[in-house]
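Structure first, commentary second.
The values are calculated or read from the model by the stated rules, or taken from the named source; none is laboratory data. A quick note: this is a predicted structure, and the numbers were derived from the prediction, not measured. In this analysis, Cβ positions are derived from the backbone assuming ideal geometry, glycine residues included, and neighbour counts consider all displayed protein chains.
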Amino acid sequence: MESVELIVKFLMLGGFITLMMWLDRRFDWRIDDWACGMGRDNRDDSETTALRERIASLEAVVADRDWQLDQEFDALQRRSTGSA
């Protein structure tokens, strides 16, 4: 009789876990992400987006050929001024 109760308890636990997984997927509760430690705030997403935009603009500035030439001219000018 104890083995039957044990089997029923395991089946109930499995059913509950299955129900929670279905509800999580159905209503996008992100319980699975939270349980795995991957939960995020909207604040983090906005900060990440802002940082990505800043990196893109900095890459555009650094990759700009005129900016690189200006840096090289400044470096040459500092060398010539320092050695004179």
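I'd like to know if the range 34-55 contains one or more residues that are at pLDDT 80 or above, surrounded by 10 or more Cβ atoms within 10 Å (Cβ to Cβ) and not in a helix (DSSP H, G or I). No, the range 34-55 has no match at all. Can you confirm whether Arg26 is under 25 Å from the mean Cα position of the chain (by Cα) and basic (Lys, Arg)? Here the answer is yes, as Arg26 does meet what is asked.
Could you tell me whether Arg30 is at positive phi and surrounded by 10 or more Cβ atoms within 10 Å (Cβ to Cβ)? Criteria met by Arg30.
Can we say Met21 is exposed (fewer than 10 other Cβ atoms within 10 Å of the Cβ) and not basic (Lys, Arg)? No: the conditions fail for Met21.
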